[in-house]
Amino acid sequence: MAKILVTGGCGYIGSHTIVDLLENGFDVISIDDNSRSTPYALDGIQMITGKKVKNYQVDLKNFDETQAVFQENTDILGVIHFAAYKAVGESVEQPLMYFENNIFSLINLLKCVKEFHVPHFVFSSSCTVYGSPDSIPVTEQSPVKKAESPYGATKQMGEDIVRDFSGTENVSSILLRYFNPVGAHPSILIGEVPLGKPMNLVPVITQTAIGKLPKMMVYGTDYDTRDGSCIRDYIHVCDIAHAHILALQYLINKKNKTQCDIFNLGTGNGVSVLEAIQAFEKITGVKLNYELGARRPGDVAAIYANNDLAVRTLQWNIKYDLTEMMRTAWAWEQKLKKDEELAKQQALLN
Ligand code: WQD
């Protein structure tokens, strides 16, 4: 079976992609230092697929330890690189930590891809690279504008590094620009596990709904949008995950047009913050305690994808709508709460 290395395999998008890879006949190993994830995601993967995935708990900033993984697995056909820090606000407070982690990790990984002649590389990028777009929806040809945060800058630099590397080495690569990944696997056995207080809208919604957060803020209702709140392209994490399998198969079958093709991974539908809140309340029947507040620095008013290229070229069919995104996100939050209560009861018994 073709072996794929997934970095960040214990993380949100990484774990969902591993499930899809296994279900599509690939053999998978993971590198994840679990600094921002838990190995428990591997249990969920095993429960869904019946397969145990080996995770190397290695920091990609440590070249020797990263190289050792490749020495032990000389048959890696492709690498999907998710492992990176991704909190926009944190990156503004700690830029050096973001540049060191996200860029050094990538360079070490590409050195190993070169040394061990790995033919295919998929890079996890983000719509953040578009900054505040001049026109929407954005296509892959929309200009990459000055990054709004160090996090966004690491994604832009990452794309340039992968593009230049693929141009000189015999490696075919793909840059996948995610819009806003949300939701959980329909089995509700894996999902997003925010570390500490969540930043992103949907985990904030579900934690507010379950009572972990007393209330939530809508950051700005004076934008030039249909209801004044920001518009984003929310996309189910399983649709994002499946696009990675299609991207790998596209490279393996040598369908790529260049050594570094780019694809937008969004639904093509823009949803405002207030519309997302209303959708959640309608689908779950839970009334959210939210207040209308000031804008959050760094937010763009509106961005959503033109996804024609991915749909047409990768034959990518989006399966999940906003209802499924909110339903699975809510079901996952309820599962997390049940697990926490079980853990507390067990602690009392021990
Ligand atoms: C969405 C909208 C907020 C929280 C970032 C990264 C992107 C990706 C996803 C990594 C905004 C509003 C949020 C809240 C709110 N990161 N909001 N109240 O900023 O679009 O994208 O995260 O993969 O690369 O840029 O996502 O979910 O943080 O915010 O009103 O408590 O929800 O202002 O308009 P964002 P987000």
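The Cα atoms of segment 6-86 cover 33, 28, 18 Å along the three principal axes, with the biggest extent listed first. Could you work out the Kirkwood radius for segment 101-181, taking every pair of different alpha carbons, averaging 1/r and inverting it, reported in Å? Evaluated on segment 101-181, it is 13.4 Å.
For the chain, the orientation-averaged shadow of the C-alpha convex hull comes to 17.7 nm² (one quarter of the hull surface). Pairs of lysine residues in segment 1-156 that meet both criteria, 8 or more places apart or on different chains and Cα atoms under 26 Å apart, total 24.
Round to the nearest 0.05 the FRET efficiency obtained for GLN46 and LYS344 when R0 = 25 Å and r is the Cβ-Cβ distance. My answer for the efficiency is 0.50. Entry comment: accessible area of the chain is 44 Å² per residue, from protein heavy atoms only and a probe of 1.4 Å. Evaluated on segment 111-234, the Kirkwood hydrodynamic radius is 17.5 Å, with distances taken between all distinct Cα atoms.
In whole percents, the pair-distance distribution calculated for segment 5-47 from its alpha-carbon pairs, binned every 10 Å from zero, is 32, 61, 7.
Each eigenvalue of the Cα gyration tensor of segment 206-317, multiplied by 5 and square-rooted, gives one semi-axis; in descending order these are 34, 17, 11 Å. Relative to the current alpha-carbon distance between LYS335 and LYS145, full extension at 0.36 nm per residue lengthens the span by 64.4 nm. Averaging over all projection directions, the Cα-based convex hull of segment 41-175 occupies 9.8 nm² in the image plane. Give the calculated FRET efficiency between HIS117 and LEU195 to the nearest 0.05, with a Förster radius of 51 Å applied to their Cβ-Cβ distance. For HIS117 and LEU195, the calculated efficiency is 0.90.
The values are calculated or read from the model by the stated rules, or taken from the named source; none is laboratory data. Worth saying up front: this structure is predicted, and the values here are computed from it rather than measured. Cβ: placed from backbone, ideal geometry, glycine included. Neighbour counts: every protein chain shown. In case anyone asks, the SASA skips ligands and DNA or RNA and just uses the protein heavy atoms, side chains included. Shrake-Rupley method; radii C 1.70, N 1.55, O 1.52, S 1.80 Å.
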